[in-house]
Amino acid sequence: MSEETKYVELCKGINGLDKIILREVRGCSAEVYLFGGHVTSWKNEHGEELLFVSNKNVRRILESNHTLILVELLVKLLQKAIFKPPKAIRGGIPICFPQFSNLGSLEQHGFARTRFWTIDNDPPPFPTNSSNKAFIDLILKHSEEDVKIWPHRYEFRLRITLGPGGDLMLTSRIRNTNTDGKSFTFTFAYHTYFHVTDISEVRVEGLETLDYLDNLKNRERFTEQGDAIVFESEVDKVYLSTPTKIAILDHERKRTFELRKDGLPDAVVWNPWDKKAKAIPDLGDDEYKHMLCVEAACVEKPITLKPDRACMMPLLYSCSFRIAYFVLLVDSCQYFWRQGSKG
């Protein structure tokens, strides 16, 4: 096996969709589908899945027993996440661009997660550790179909890197390529689905005393009163002016996720709970118990880009045996791809 194949492998995934598998020597891995530029799996060196995708655990358990034919058969029967374009994949890390949720005229969460990305063979320099060998560069550009529903031209470059220690980094660069001199405005989120053991045994710390918009009450603004967020019913909130560190404690597994970020001011917390889960066709009735979305986002105050300007949003997830955390560092809009630079 060549070194290139060892770290990065392009292969076919569910329903014949193209995917990339990133591997590191210690055993950690990540899986990325070109449809949506969508990370659907991230495992630490112990083979523990850290992201939630509907019924993914069925596949993992069966694969561990090498029952490959049975895997494919049962996945077709039991897989709730729909890996069939144009339907977005439920779980993993969907990228919400250029619209978060239904806050605009576009489809829910925008169109980036339902477009086919391509491998970017000539990316501009990225400020990441060049010693990392397991990485892939993807690119999404406007299409004539997109321009009809969102009249702007853009380049969205995404680098996904798996570090030697199992850390996972997503670096997004979004550039305004309009030729008519017009700026554009967008909202954005890394819509991360974390895998948790039992949602009733999970708490989120770091958002106490903050203001939030409650999507279950017509986005009315409230102030968080509890010492931590616990889950006893449906939650759908956008926390504002959030701190650098947010902790997600999974008590049953004795694992802590930490979100560290800078630049994306909002944090979305979502779990549909039992009633809404039953109404979501690509989510199992009881799967809400094993998922929690905590999303670094820019929702309340959209980002505006002038022509030929870009913003960069790197996102780093790290994990150890007993502790899992990710760091999000977002620079304010910087100037990239200026005249004469490649890209």
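The set of residues from segment 276-292 being within 18 Å of Lys237 (Cβ to Cβ) and buried (at least 21 other Cβ atoms within 10 Å of the Cβ) comprises Tyr288, Met291, Leu292. Scanning segment 273-286 for residues that are over 17 Å from Ile93 (Cα atoms) and out of contact with any Leu (no Cβ under 7 Å at 6 or more places or on another chain) returns Trp273, Asp274, Lys275, Lys276, Lys278, Ala279, Ile280, Pro281, Gly284, Asp285, Asp286. Residues that are open to solvent by less than 10 Å² (accessible area, probe 1.4 Å) and without any contact (Cβ under 8 Å) to a residue 24 or more places away in the chain within segment 250-275 are absent altogether.
For segment 260-317, which positions are basic (Lys, Arg), closer than 25 Å to Pro98 by Cβ and over 18 Å from the mean Cα position of the chain (by Cα)? Quick ask: steps written out before the conclusion?
Taking segment 260-317 first, the residues basic (Lys, Arg) are 260-261, 275-276, 278, 289, 301, 306, 309.
If we keep only those that are closer than 25 Å to Pro98 by Cβ too, we end up with 261, 301, 306, 309.
Lys301, Lys306, Arg309, listed by residue number.
If you check Ile149, Ile119, Ile139 for being surrounded by 12 or more Cβ atoms within 10 Å (Cβ to Cβ) and over 16 Å from Met313 (Cβ atoms), only one passes: Ile119.
Would you check if Asp122 is touching a residue at least 12 places away in the same chain (Cβ under 8 Å) and in a strand (DSSP E or B)? No: the conditions fail for Asp122.
Screening the candidates Thr187, Thr177, Thr244, Thr197 for the property of being β-branched (Val, Ile, Thr) and out of contact with any Lys or Arg (no Cβ under 8 Å at 6 or more places or on another chain) yields one hit, Thr187.
Taking each residue of segment 293-313 that is surrounded by fewer than 16 Cβ atoms within 10 Å (Cβ to Cβ) and looking for partners that are part of a strand (DSSP E or B) and among the acidic types (Asp, Glu) with beta-carbon atoms closer than 8 Å, six or more apart or interchain, yields nothing.
If you scan segment 177-221, which residues turn out to be farther than 30 Å from Ala112 by Cβ, surrounded by 12 or more Cβ atoms within 10 Å (Cβ to Cβ) and free of Cβ contacts under 8 Å to residues at least 60 places away in the same chain?
Going through segment 177-221, the residues farther than 30 Å from Ala112 by Cβ turn out to be 197-198, 200-201, 203, 205, 208-209.
From the residues that got through so far, the ones that are surrounded by 12 or more Cβ atoms within 10 Å (Cβ to Cβ) too are 197-198, 200-201, 203, 205, 208.
Glu201, Arg203, Glu205, Glu208 - these are the residues of segment 177-221 that are farther than 30 Å from Ala112 by Cβ, surrounded by 12 or more Cβ atoms within 10 Å (Cβ to Cβ) and free of Cβ contacts under 8 Å to residues at least 60 places away in the same chain.
Going by the conditions given, is Leu170 touching a Leu at 6+ places or on another chain (Cβ under 6 Å) and either surrounded by fewer than 19 Cβ atoms within 10 Å (Cβ to Cβ) or touching a residue at least 40 places away in the same chain (Cβ under 8 Å) (or both)? Considered against the rule, which asks whether it is touching a Leu at 6+ places or on another chain (Cβ under 6 Å) and either surrounded by fewer than 19 Cβ atoms within 10 Å (Cβ to Cβ) or touching a residue at least 40 places away in the same chain (Cβ under 8 Å) (or both), Leu170 comes out as yes.
The values are calculated or read from the model by the stated rules, or taken from the named source; none is laboratory data. Computed from a predicted structure; not experimentally measured. As a convention, Cβ positions derive from the backbone with ideal geometry for all residues, glycine included, and neighbour counts pool all protein chains shown. Quick note on the areas: whole protein, heavy atoms, side chains included, nothing else; ligands and nucleic acids left out. Shrake-Rupley method; radii C 1.70, N 1.55, O 1.52, S 1.80 Å.
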